[in-house]
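Asks: Below you'll find the structure I mean.
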Number of protein chains: 2
Amino acid sequence: MSISTLSFSGKKVDYIIDDTFETIHTYHPKEKILLITDTNMAHIYQAKIKSYNTIVVEGKEQNKNQETVDGIIEKMLALSVDKSWMLIGLGGGVITDMVGYISAIYKRGLKLGLVPTSILAMCDAAIGGKNGVNVGNYKNMVGTLKQPEFILFDFEFLKSLPKEEFINGFAEIIKHACIKDKAMFEELSQNNIAYYLQNENALKALITRNINIKNEVVLNDEFETADRYLLNFGHTFGHAIENTYNIMHGYAISIGMVIAAKLSEQVMGFSKNETQQIIALLEKYNLPTQADIDLRKTLEILKQDKKADGADINFVFLQEIGIAQSKKIAFKNLSEMINKL
Amino acid sequence: MSISTLSFSGKKVDYIIDDTFETIHTYHPKEKILLITDTNMAHIYQAKIKSYNTIVVEGKEQNKNQETVDGIIEKMLALSVDKSWMLIGLGGGVITDMVGYISAIYKRGLKLGLVPTSILAMCDAAIGGKNGVNVGNYKNMVGTLKQPEFILFDFEFLKSLPKEEFINGFAEIIKHACIKDKAMFEELSQNNIAYYLQNENALKALITRNINIKNEVVLNDEFETADRYLLNFGHTFGHAIENTYNIMHGYAISIGMVIAAKLSEQVMGFSKNETQQIIALLEKYNLPTQADIDLRKTLEILKQDKKADGADINFVFLQEIGIAQSKKIAFKNLSEMINKL
């Protein structure tokens, strides 16, 4: 177990890596902890959570909306949750995003702890302070930036993770490799999904490496004026695909990364050979690299993206594997480039 | 006209006092300003606002809720409002609270300008960064703390303010006098509501003095660990009365201040004579000082108050006129003291 304390705009956040969930009562008086988790977690881990005040919701992306938030807030009022309480989000990205958001707005802010339980939440969603809920088809249209008191990584939870969720999480890991870490890209290329499923220590080391990559980016640029923006690689089309076709986040951004790599060929002279390496790596980790989707339809939804700014959108391209760059691009041009794909 | 720039936790806010609304396009590109205002304002000032993108909602306290926020967000998506836009809340406290909240959560935050148009919003609601919406009977249960880019005070708007709204605003002015400014208490005692209704310069000077009082308190203690807390004088019972009996905020806190003054006699040895002076001043400004209300019923609602903390609540008492102090008090004791009133 290791604890490191990072400071985001002066707010200290403890990263408690490879510890057990059983210690969470040491971070806040137990009777003033409210666990919010999903139905799967509540079912599998009922013994672990039964002594806590708990609210259970569906952990599906379609439920990450204001209606679910309203329901949780009503239950919190019924439990007389006040500003002396701490909310702890226990679950995947849907839970950590939604609980983070509630902790930012309920009574103008409660303390927050996060216990991400999926690879995707551990390597990405739970880190960096972004939270939010969807509005209709638009992802994370409403949310805030708020850092938790701590994030506790208990790798035991990964043992109950369904295989498709396991694969889902690797998409963000491969994204980190593409934009920031060529050596990790090579390591991933030498292994495969079965290796990490079977080799617990290798998986822990890989997740820890990804936590560090994301933290380094966020610490450099918490408010996304530059470097943090690169984390959106694959996410522009990815989000639109995810919303329109209702597929899992990692699967959608996998397709989005392939599109972004191909557009990088047109805009940045990114090598076709490296695009093929990315496609091969995604396939090795059982991720989809194409789908029968109407890119023009997704383009319409992009205009509402948080990354859009009137007639333009900020788009993340690759220069080479491990080096990304964001550029403002007109929707008009994007539309023409898509036609050439 | 005067502009002063104050800094709240490093965030600069321009206070533009005694200027005209017509200048707002100088603070942000006009086509990327979204005005949010209420039906009354939109009706009276249609000529002023017609060249702006505008969303109009009911400005009633009963509409200050998530449902109204959801409706506004849908319209913002339809207008393709993105992070390059600025929201401007034009109206009373209901509008400034709600627009502030939306600016904090929409796409994780847009720039915000406020143009308060009532005495209450000018002297209190629009200042200090608190925003929020009600959840059922519970006031401001959901919200954030976010400072705007600017607050523009255009006193012309007060000319169309209904008299009951005028009176409503004086409750917060008298509150400021009670907790912070004995000289202002005396000045108010020497005048009356008719004087300020007829004497524009005296009214401007009074409002400016109140803006300064509130800002001084907030600058000392933005996150309400001490001094800012005193602004809640009269608001504990006031909020509960407002919610339960559906009366205007100022009228409710007027009754709340009388209760708090009487409880201050029991807890602080506050003089009965000064309680009578407060009652006399409130009456002079046409504010109610008692009502046929069930205090035990309001006590129940207090347990959900943001100021509550389990079995205790922070309550603001007066030591003497102009000097307040907050103390944690058990609900049990509060209940006993109420019986003695």
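Asks: What are the residues in segment B:287-313 that are within 14 Å of chain A (Cβ to nearest Cβ), open to solvent by 30 Å² or more (accessible area, probe 1.4 Å) and assigned to a loop (DSSP other than H, G, I, E, B), if any?
Replies: Listed by number, the residues that qualify are B:Lys303, B:Lys306, B:Gly310, B:Ala311.
Asks: Starting from residues that are within 27 Å of A:Gly129 (Cα to Cα) and in contact (Cβ under 8 Å) with a residue 60 or more places away in the chain, keep the ones in segment B:70-103 and report whichever is farthest from the other protein chains (Cβ to nearest Cβ).
Replies: Among residues in segment B:70-103 that are within 27 Å of A:Gly129 (Cα to Cα) and in contact (Cβ under 8 Å) with a residue 60 or more places away in the chain, the one farthest from the other protein chains (Cβ to nearest Cβ) is B:Ile88.
Asks: From the list B:Leu110, B:Leu152, B:Leu145, which residue is open to solvent by less than 10 Å² (accessible area, probe 1.4 Å), over 21 Å from B:Glu74 (Cα atoms), modelled with pLDDT of 95 or more and in contact with a strand residue (DSSP E or B) (Cβ under 9 Å, 6 or more places away or on another chain)?
Replies: Numbers: B:Leu110 fails: over 21 Å from B:Glu74 (Cα atoms); B:Leu145 fails: open to solvent by less than 10 Å² (accessible area, probe 1.4 Å).
After ruling out the rest, the residue left standing is B:Leu152.
Asks: Does segment B:164-173 contain at least one residue that is polar (S, T, N, Q), at pLDDT 95 or above, farther than 23 Å from B:Asp19 by Cα and open to solvent by 20 Å² or more (accessible area, probe 1.4 Å)? Can you show your working first?
Replies: Start the filter on segment B:164-173 by keeping residues that are polar (S, T, N, Q), which leaves B:168.
Going one step further and asking which of them are at pLDDT 95 or above, we end up with B:168.
Next, from what is left, pick out any that are farther than 23 Å from B:Asp19 by Cα: B:168.
When the remaining residues are screened for being open to solvent by 20 Å² or more (accessible area, probe 1.4 Å), the result is none.
Scanning segment B:164-173, I find no residue that is polar (S, T, N, Q), at pLDDT 95 or above, farther than 23 Å from B:Asp19 by Cα and open to solvent by 20 Å² or more (accessible area, probe 1.4 Å), so the answer is no.
Asks: Can you name every one of the strands (runs of 3 or more DSSP E) wholly within segment B:104-165 that holds 1 or more residues which are in contact with a Lys or Arg (Cβ under 9 Å, 6 or more places away or on another chain), within 10 Å of chain A (Cβ to nearest Cβ) and of a type outside the set (Ser, Thr, Tyr)? Working first, answer last.
Replies: Working: elements: B:111-116, B:133-135, B:138-142, B:150-153.
Hits in segment B:104-165: B:133-135, B:138-142.
Asks: So, in segment A:113-142, how many residues would count as being open to solvent by less than 10 Å² (accessible area, probe 1.4 Å) and on the phi > 0 side of the Ramachandran plot?
Replies: Looking only at that region, the number is 3.
Asks: Just one of (1) more than 14 Å from chain A (Cβ to nearest Cβ); (2) open to solvent by 10 Å² or more (accessible area, probe 1.4 Å); (3) within 20 Å of the chain's Cα centre (by Cα) trips up B:Phe317, so point out which.
Replies: With respect to (1) more than 14 Å from chain A (Cβ to nearest Cβ); (2) open to solvent by 10 Å² or more (accessible area, probe 1.4 Å); (3) within 20 Å of the chain's Cα centre (by Cα), B:Phe317 is out only on (2).
Asks: Looking only at segment A:53-62, filter to residues that are in contact (Cβ under 8 Å) with a residue 24 or more places away in the chain and part of a loop (DSSP other than H, G, I, E, B); which one of those is least open to solvent (accessible area, probe 1.4 Å)?
Replies: Per the criteria, the residue is A:Gly59.
Asks: Here's a follow-up. Cβ-Cβ distance below 8 Å, separation of 6 or more or different chains: which pairs start in segment A:27-51 with a residue that is open to solvent by 60 Å² or more (accessible area, probe 1.4 Å) and end on one that is among the aromatic types (Phe, Trp, Tyr)?
Replies: Pairs that qualify, where the first residue is open to solvent by 60 Å² or more (accessible area, probe 1.4 Å) and the partner is among the aromatic types (Phe, Trp, Tyr), are A:Tyr27/A:Phe150; A:Lys30/A:Tyr52.
Asks: So, one more: Is it true that some residue in segment B:230-248 is within 19 Å of the chain's Cα centre (by Cα), of a type in the set (D, E, K, R) and more than 28 Å from B:Ile3 (Cα to Cα)?
Replies: Keep residues of segment B:230-248 that are within 19 Å of the chain's Cα centre (by Cα), which gives B:230-248.
Then keep just the ones that are of a type in the set (D, E, K, R); that gives B:242.
Narrowing the set further to residues that are more than 28 Å from B:Ile3 (Cα to Cα) leaves B:242.
Within segment B:230-248, one or more residues are within 19 Å of the chain's Cα centre (by Cα), of a type in the set (D, E, K, R) and more than 28 Å from B:Ile3 (Cα to Cα).
The values are calculated or read from the model by the stated rules, or taken from the named source; none is laboratory data. On a predicted model such as this, the values are computed, not experimentally measured, just so you know. Glycine gets a Cβ as well: all are built from the backbone with ideal geometry, and neighbour counts include every protein chain shown. Accessible surface is based on the protein model in full, side chains and every heavy atom, while ligands, DNA and RNA are left aside. Shrake-Rupley method; radii C 1.70, N 1.55, O 1.52, S 1.80 Å.
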